[in-house]
Amino acid sequence: MHRRNLFFISMSVILVTTVAGGFPPVVIELYPDRDNTLIGSTDNDLSNGAGEHFFTGRTGNLGKPNLLRRGLLRFDLSAIPSDASIVSATLDLSVTKSPNNQLRQCALHRCLSGWGESGSSSSGGIGAPAQTGDATWFFTFFASESWKTPGGDFLPIPSAVFSVNGIGDYSVGELGLAEDVQAWIVDPAGNFGWVMIGEEDSPQTVRRFGSRQHPDAAVRPKLTIAYDAGPPGIPGDFNSDGLVDGADVGLLLAAWGACRGCPEDLDDNGVVNGADLGLLLVNWTG
């Protein structure tokens, strides 16, 4: 059964239940801003940047060329504050095709180089000729920039390892994913996403996953991040100095009257008046 969501949007922010003794974490759901498949090893530069799927594992018998598949996933984290503390990160994936139901391992490795997604598209795992800017087994951006190591540059120790068998939905929530997200929040320029690697030393281990271009949003990759944003601002602290005092009263009086959408309209009725002054005084710190 596919994951069910009432709304499918590129990004949504949801406040969750307050935890005892603290402020609630903020939960954000993200879909990839790019994904692709590395197809190798081959002298032909093949890719699947605009395809509805990405692939991991080995497609056929040992000893034959062009049988390995490695997935690439990246998420734009710019909506998360730079001082956020990441609580958890969970990646949801959907296998849409499998040659068998044998249990196989997949690993997510932090990628160390930027890479591209362009217009190449294939309905199956054989790939299509790379277009300018596509990632391939040899190129990060076809045909101008190359991986240092064919097949992708990534940390050798995986951030997460998980098992898949047949068609279905899988969630990965290991601590390593949260640590990667935290590192990318601190250093956004280093956010190159993950290289996803299946079992490559046995035949018929390939798995097909829904990509961000899949027409069914329920099977697209989704990264759910919970982070601690710290305490909210005090209502009435218009100058953000941590106090509600005379300076804030002055700002409220300056905005007195019709003022729809302004921060001094604490009851959000389109008018700054005595009711808003009363709400400010409730939070008075002096």
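The numbers here are math on the coordinates, done by the rules we state, and not lab data. Everything quoted here is computed from the prediction, not taken from an experiment. Every residue, glycine among them, receives a Cβ derived from its backbone with ideal geometry; neighbour counts consider all protein chains shown.
Numerical summary
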| item | result |
| --- | --- |
| Protection-proxy order for peptides 205-213, 253-261, each taking the mean of Cβ atoms within 10 Å per residue, highest first | 205-213, 253-261 |
| By average C-beta atoms within 10 angstrom, highest first, the peptides 36-42, 265-271 | 36-42, 265-271 |
| Highest-MSF residue in the chain out of Ala183, Ala130, Ala247 [GNM, Cα springs under 10 Å] | Ala247 |
| Net +/- balance of residues flanking Ala247 in space, Cβ distance below 11 Å, scoring K and R +1, D and E -1 | -4 |
| Residue-span extension gain [Asp216 to Ala254] - 0.36 nm each, minus C-alpha spacing | 8.6 nm |
| Total formal charge among the other residues, if their Cβ is under 9 angstrom from that of Leu112, Lys/Arg +1 and Asp/Glu -1 | +1 |
| Approximate spin-label separation Leu103-Ala189, in nm, with each point projected 7 Å along Cα-to-Cβ | 4.4 nm |
| Cα-based convex hull, the chain, per residue volume (Å³, whole number) | 166 Å³ |
| Between segment 49-127 and segment 128-147, the Cα center-to-center distance that results, in Å | 16 Å |
| Counted charge near Thr56, where neighbours are those whose Cβ lies closer than 14 Å (Asp, Glu -1; Lys, Arg +1) | +3 |
| Cys with no candidate disulfide partner in the chain (beta-carbon separation under 4.7 Å rule) | Cys106, Cys111 |
